[in-house]
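Enquirer: This structure is in structure tokens; I'll ask about it shortly.
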Amino acid sequence: MAKKNKKDCDLKSCLLCTQCLPSWLPAINANRQSLIYKKGELLFKEGAEVKGMFFIEKGIVKVHKKWGDDKELILRIAGDGDIVGHRGLGSDTIYPVSGTALETTTICFVDLPFFNDTLRVNPEFLIT
């Protein structure tokens, strides 16, 4: 289980902060969680309900899915500044993939309702 990061992000580094209106930053600050995942720890699991979006501050995350009974297909390796968990957006809010930390990874997490509000308020974020 991820632990809370005692040091908050600078609100200048992750994709969420850099692509939103400056006036939206206080809302992000009030609604985000800074989390640390250890190597091998799951951020989200294939088949689970989408709870929110994960913005990688520092670290590496493997995005993968089951392939057969005992294999996995690696779809992407995400790093500093990337977003993961967005494949679960849409009408069926279930993660079709899993995300696993490949090293100690610091994440800025926002829950799904706040992320949806962010998209409504910051239309430029949609085309980034």
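Enquirer: Could you tell me which of the residues G68, G52, G47 is touching a Leu at 6+ places or on another chain (Cβ under 8 Å) and among the small types (G, A, S)?
Expert: One residue alone meets the criteria, G52.
Enquirer: Across segment 47-57, what is the number of residues that are surrounded by fewer than 16 Cβ atoms within 10 Å (Cβ to Cβ) and part of a strand (DSSP E or B)?
Expert: Qualifying residue count, segment 47-57: 1.
Enquirer: Name, by its number, the condition in (1) under 13 Å from L15 (Cβ atoms); (2) in a loop (DSSP other than H, G, I, E, B) that does not hold for P96.
Expert: Among (1) under 13 Å from L15 (Cβ atoms); (2) in a loop (DSSP other than H, G, I, E, B), the lone unmet condition for P96 is (1).
Enquirer: Let me ask something else about it. Of the conditions (1) aliphatic (A, V, I, L, M); (2) over 20 Å from C14 (Cα atoms); (3) in contact (Cβ under 8 Å) with a residue 40 or more places away in the chain, I83 clears all except one; give me its number.
Expert: All conditions are met except number (2).
Enquirer: Which condition does L73 not pass, out of (1) under 14 Å from the mean Cα position of the chain (by Cα); (2) assigned to a strand (DSSP E or B), if it passes all the others?
Expert: Of the numbered conditions (1) under 14 Å from the mean Cα position of the chain (by Cα); (2) assigned to a strand (DSSP E or B), the odd one out for L73 is (1).
Matching residues to (1) small (G, A, S); (2) under 25 Å from T18 (Cβ atoms):
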| position | (1), (2) |
| --- | --- |
| L35 | no, yes |
| G47 | yes, no |
| I60 | no, yes |
| G79 | yes, yes |
| D82 | no, yes |
| H86 | no, yes |
| V97 | no, yes |
| T104 | no, yes |
| C108 | no, yes |
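Enquirer: Then there's this: State yes or no: is I36 touching a strand residue (DSSP E or B) at 6+ places or on another chain (Cβ under 6 Å) and more than 20 Å from C108 (Cβ to Cβ)?
Expert: In short, no.
Enquirer: Filter segment 28-46 down to residues that are buried (at least 17 other Cβ atoms within 10 Å of the Cβ) and of a type in the set (A, V, I, L, M, F, W, C) and give me whichever is modelled with the lowest pLDDT.
Expert: Checked segment 28-46; the qualifying residue modelled with the lowest pLDDT is I28.
Enquirer: Here is a check on your reading of the model: is I107 surrounded by fewer than 17 Cβ atoms within 10 Å (Cβ to Cβ) and in a strand (DSSP E or B)?
Expert: No, not satisfied.
Enquirer: Could you tell me which of the residues I28, I74 is under 14 Å from I107 (Cα atoms) and of a type outside the set (K, R)?
Expert: I28
Enquirer: Being within 11 Å of the chain's Cα centre (by Cα), at pLDDT below 90, surrounded by 14 or more Cβ atoms within 10 Å (Cβ to Cβ) and closer than 17 Å to T118 by Cα narrows it down to one residue among L89, L16, L25, L11; which is it?
Expert: L16
The values are calculated or read from the model by the stated rules, or taken from the named source; none is laboratory data. For clarity, every value in this text was computed on a predicted model and none was experimentally measured. Cβ sites come from the backbone with ideal geometry, for glycine too, and all protein chains shown count toward neighbours.
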